[in-house]
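Here's the structure we're looking at; comments come further down.
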Amino acid sequence: MDDLTTGIVLLTISGEVNWLNPAAEDLLGVSLQRAARKSLVGLLPGSENLVELADRAGLERQSFGRAIKIPAPQRDGGELELAVRVSILSGVGEDQLLLEMFNLTQRQQLDRENILLAQHGASRQMIRQLAHEIRNPLGGLRGAAQLLERELVEPALREFTQVIIGEADRLAALMDSLLGPGSKPRARMVNVHLLLEHVATIIESEWPDLAIQRDYDPSLPDIFVDRDQLTQAFLNLMRNASQAVAGAGKVVVRTRVLSNQLLNRSPFRLVALIEIEDNGPGVPEDIADTLFFPLVSGRDEGTGLGLSLAQDLVNRQQGLIEYESEPGRTVFTVNLPIVEPSIAG
């Protein structure tokens, strides 16, 4: 049972924990050493439905099952939806209650990831096509500015052509990065909290009235990523949050470490979770399913490229951005694997 992905818990008829397997430890966020001989209701605040189902099975001595939501142990304010079946285990010593728990939230996450990955593939193709369309006239623009510069005598006027040439070169470099074959990250070990502080400083300078609240997990280790690419992704996400609250609301930057997670259809022992939460009006319903596509924006003045680019940059680090939104609370979650450089390479 130690190797099962289904969580298994053995309880006394009175509701005390006798044993649980590693999968149950992950689901419930409690170790066997800590849980042994403790009551389930005392160990898991907010799990009254689970305890009620166990009590019913013990009293009626029948097997019962249903879907139950409990607080997610590794995510503040989050919930896990579990398919739970409680049975009587008899015949060996005292009767016990056998709890089998299957994580429905993880299945929903896989479905959601599949949708996001499909969106990313489509948006990547759209971005490449858009970059091609922009890159071609940039060459003509730069050439025209160079020809104009030769005709100008006054140095002051040549400064304007240099601005045109410089901006054309900058945009061309950006288009080249978008057109590249994934632009393999120049990864190194990065302290995510220092990176987030750098981004927060930039955002605070742009929005002086914005309140940025930090909620960092000090146990988060360094991760192997491209610092520049990840900085741009977080800038896009924080700017998006700041614009959602018109620069005068609250943005929460939260970090956590999750264990035994599936990410991009691959299992990882540890995953870094970075949440950027705002208290704005939420994502409009008409764009909720296409939010990560290019040119999709909930603001009239928005370009619709920020979130699409952020998803692309995070995906290059083997990560994924997810979101959930309701009026007054929108959370964009960046999931990044925590791996050794030799494994990542």
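Any read-out appearing in this document is the output of simple, stated calculations on the displayed coordinates, not a laboratory observation. Treat the numbers as computed from the prediction; the structure is a model and nothing was measured. FYI the Cβ positions are ideal-geometry reconstructions off the backbone, even for glycines, and counts take in every protein chain you see.
Working note: Cα atoms of the range 188-344, range along each principal axis, descending, whole Å: 45, 31, 24. For the range 7-104, evaluate the Debye formula with one uniform point scatterer on each Cα (no solvent term) and list log10 I(q)/I(0) at q = 0.11, 0.15 Å⁻¹, rounded to two decimals. After summing over all Cα pairs, the log10 values are -0.27, -0.51. The distance between label points at Lys38 and Ser219 comes to 1.4 nm (points 7 Å beyond Cα on the Cα→Cβ vector). Suppose R0 equals 45 Å; then what is the FRET efficiency for Ile202 and Arg66 from their Cβ-Cβ distance, rounded to the nearest 0.05? That pair, Ile202 with Arg66, gives E of 0.40. The translational diffusion coefficient of the range 1-57, from Stokes-Einstein at 25 °C and 0.890 mPa s with a Kirkwood hydrodynamic radius over alpha carbon pairs, comes to 217 µm²/s. How many angstrom lie between the Cα centre of the range 8-51 and the Cα centre of the range 195-238? Rounded to whole Å, the Cα centres lie 37 Å apart. Peptides 325-332, 202-209, ordered by how many other C-beta atoms sit within 10 Å of their residues on average, highest first, read 325-332, 202-209.
Placing unit charges on the Cβ atoms of the charged side chains and taking the dipole of the range 188-344 about its Cα centre, the candidate lying farthest along the positive direction among Asn279, Ile223, Phe234 is Ile223.
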